[in-house]
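The values are calculated or read from the model by the stated rules, or taken from the named source; none is laboratory data. Everything numeric here is computed off the predicted structure, so don't read it as measured data. Positions of Cβ are backbone-derived with ideal geometry, glycine not excepted, and every protein chain shown enters the neighbour counts. Surface accessibility is based on the protein's heavy atoms, side chains included, excluding ligands, DNA and RNA. Shrake-Rupley method; radii C 1.70, N 1.55, O 1.52, S 1.80 Å.
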Amino acid sequence: MNQKGCPEHKVMALLSNAMRKDTTYEKVLSAMCTRPHPVAVKAHMQFIESNMGDFGLFQGTKELEEKVIKMMGEMLGDKNACGYITTGGTESNIQALRTARNLCNKEHPNVVVPASAHFSFDKIADLLRIEIRKAALDSEFKVDMESAEALIDDNTIALVGIAGSTEFGQIDPVDKLAELALSNNLFLHVDAAFGGFVIPFLGRKYDFDFSVKGVTSITADPHKMGMSTIPAGGLLFREEACLLPLEIDTPYLTIRKQHSLTGTRSGGAVAAAYAIMMHLGMEGYREIVGRCMKMTCRLVEGAKELGVEPLIDPVMNIVALDVPELDEVRKQLRAKGWTTSITRSPRAMRLIIMPHLREDVLELFISDLGAILKKI
Ligand code: 0PR
């Protein structure tokens, strides 16, 4: 740090220089985050001073958080669900499995997750000293139930299902996982970090949330398809008792106990999630998801016209395309400003159709992809 401070306009110029190196979302097809809605940004700014780590000081923000959790509970099949706004899917997944671990008293606990699980579960293995067992996927990239069942033993404490897998946007058979969980007396966590704000707004009904008996906890993130600001994840439990194993005494705060993983926690993100859910309502989200799905269908149609097939018919706004010469095509797309991603197994081009994508920009992508494939 310099001894002498720098005038504001110079600091702002430094920031602008840094920002120029950041990618704007326009041609980003690899992100699960998007430009937050202006209403969420406004709310975040208004509550910028609020710290949910000591919510006794910020009772108003705390009330907003309770309202967000209630709205999310209603959206996810249980209006009485409890929980809190986390920093994102990673914290929600960690905390859900920390609860599961603390509720069981096993020396060598293990958790069965689908092979499609997000890498946050590998962090969990390391942090919580839980063995993460990966069940095989079926031909549609859903968890294979026989494989999941075969991995359960006396030390299994939980099963995990994914509703909106990171790479394929696929939904595991949560109803079947719930049967398995109930018959083995296991905790069932559903990672709907992405799908939580998508599936309720698709035209078709999927069994993935608290409406399925046996689902214990759900991750669903306002900062992904919820259009809220970062950092806003959601962790919901069906039973209040599930929060107890997370509680820590906080004797010198205005509150007695804390159950979040982080101490200091953004009240701005809580206000933003509240504001955007109130502003959009179910109808607003339905419209946003509907538009993303329409563009997703158009992308698949455009790809097929180029002779490129999707690995599965997209369930939500995530597409995996079986593109030939994948690395070279992605490199050439990158040179034209496009950011794409990959799936691991099989390797394919992974594209996420977020609300920041415009219809005309999508057409440009399809035509750029076509031109590159023609030359290859
Ligand atoms: N669970 C699932 C199913 C996810 O897809 C993700 C993140 C998480 C948990 C973890 O969530 P947090 O990142 O909020 O902790 N999926 C994306 C990924 O890691 C997140 C992402 C977001 C990636 C923005 C890129 C990006 O630009 O691939």
For this session: Could you list, in sequence order, all residues of the stretch 157-185 that are touching a residue at least 24 places away in the same chain (Cβ under 8 Å), surrounded by fewer than 24 Cβ atoms within 10 Å (Cβ to Cβ) and either over 22 Å from the mean Cα position of the chain (by Cα) or over 22 Å from Gly88 (Cβ atoms) (or both)?
Result: Ile157, Pro173, Asp175, Lys176, Ala178, Glu179, Leu180, Leu182, Asn184
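Yes/no matrix, rows are residues, columns are (1) free of Cβ contacts under 8 Å to residues at least 24 places away in the same chain; (2) touching a Pro at 6+ places or on another chain (Cβ under 9 Å); (3) closer than 22 Å to Pro173 by Cβ:
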site: Phe187; (1), (2), (3): no, no, yes
site: Lys205; (1), (2), (3): yes, no, yes
site: Thr219; (1), (2), (3): no, no, yes
site: Pro222; (1), (2), (3): no, no, no
site: Pro231; (1), (2), (3): no, no, no
site: Glu240; (1), (2), (3): no, no, no
site: Leu243; (1), (2), (3): no, no, no
site: Glu247; (1), (2), (3): yes, no, no
site: Tyr252; (1), (2), (3): yes, no, no
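Looking at Leu103, Leu127, Leu151, which one is open to solvent by 10 Å² or more (accessible area, probe 1.4 Å) and in contact (Cβ under 8 Å) with a residue 60 or more places away in the chain?
Step by step, each of Leu103, Leu127, Leu151 is checked, and only Leu103 is open to solvent by 10 Å² or more (accessible area, probe 1.4 Å) and in contact (Cβ under 8 Å) with a residue 60 or more places away in the chain.
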Problem set entry | Number of positions in the stretch 298-315 that are surrounded by fewer than 15 Cβ atoms within 10 Å (Cβ to Cβ) and outside any loop (DSSP other than H, G, I, E, B) | 3
For this session: Kindly indicate which of Ala136, Ala193 is among the aliphatic types (A, V, I, L, M), open to solvent by 10 Å² or more (accessible area, probe 1.4 Å) and within 14 Å of the ligand (Cβ to nearest atom).
Result: Ala193
Problem set entry | Residue check, Glu287 charged (D, E, K, R) and open to solvent by less than 80 Å² (accessible area, probe 1.4 Å) | no
Exercise. Within the stretch 316-339, can you find the residues that are surrounded by 14 or more Cβ atoms within 10 Å (Cβ to Cβ) and among the hydrophobic types (A, V, I, L, M, F, W, C)?
Worked result: Met316, Ile318, Val319, Ala320, Leu321, Val323, Leu326, Val329, Leu333, Trp338
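If only one of Ser211, Ser217 is polar (S, T, N, Q) and in contact with a helix residue (DSSP H, G or I) (Cβ under 9 Å, 6 or more places away or on another chain), which one is it? First the steps, then the outcome.
Values: Ser211 fails: in contact with a helix residue (DSSP H, G or I) (Cβ under 9 Å, 6 or more places away or on another chain).
Unique residue meeting the criteria: Ser217.
Each row is one residue, and each column tells you yes or no for (1) touching a Cys at 6+ places or on another chain (Cβ under 6 Å); (2) away from the ligand (no atom under 16 Å from the Cβ); (3) of a type in the set (Val, Ile, Thr).
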site: Met12; (1), (2), (3): no, yes, no
site: Ser30; (1), (2), (3): no, no, no
site: Cys33; (1), (2), (3): no, no, no
site: Ala43; (1), (2), (3): no, yes, no
site: Met72; (1), (2), (3): no, no, no
site: Asn105; (1), (2), (3): no, yes, no
site: Val113; (1), (2), (3): no, no, yes
site: Ser116; (1), (2), (3): no, no, no
site: Phe119; (1), (2), (3): no, no, no
